[in-house]
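Encoded as structure tokens, the structure appears first; notes follow it.
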């Protein structure tokens, strides 16, 4: 015989289980903090995004906007754009660098670059804003200061443009 207490208890347990399941299923979406851009040659670049970006399209570009800045990609030059995290632990053991990851703010930070390779940041007039070779761990940090504008980043394997507000 089911009592009123047993019925309420089983209902509370089911409600708790459903709530927990709904919460856990959304954890994967919260963990994604990168945008993956794949160019026409199949090379992927990951951009670290601390905030949820606003993704929009202009007539010729995909535009990613956060409070840190804006990155534009010509649609014709790129194959795909997706929110993802870089895959870890699959590369052969001898590989010490992977797909480059960039983040923007007062500093342009790059990770997983080939050690010793140069990263150069230009302003919209072609002047060098900053230049640094990747350290032994494949990282760079180039100060951009408080200046706003359009910047071009050139690495050994690719170039891209971003807008800092």
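The table that follows gives values for the structure above.
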item	result
Sites residue 125 and residue 84 - FRET efficiency at Förster radius 41 Å, r taken between beta-carbons, to 0.05	0.75
Virtual spin-label span in nm between residue 156 and residue 76, 7 Å along Cα→Cβ	3.0
Difference of contour (0.36 nm per residue) and Cα-Cα distance, residue 165 to residue 106	20.2 nm
Contour minus Cα-Cα distance for residue 40 and residue 60 (0.36 nm per residue)	5.7 nm
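Rule-based calculations on the coordinates, nothing more; no lab input. In this text, all values refer to a predicted model and were calculated from it rather than measured experimentally. FYI the Cβ positions are ideal-geometry reconstructions off the backbone, even for glycines, and counts take in every protein chain you see.
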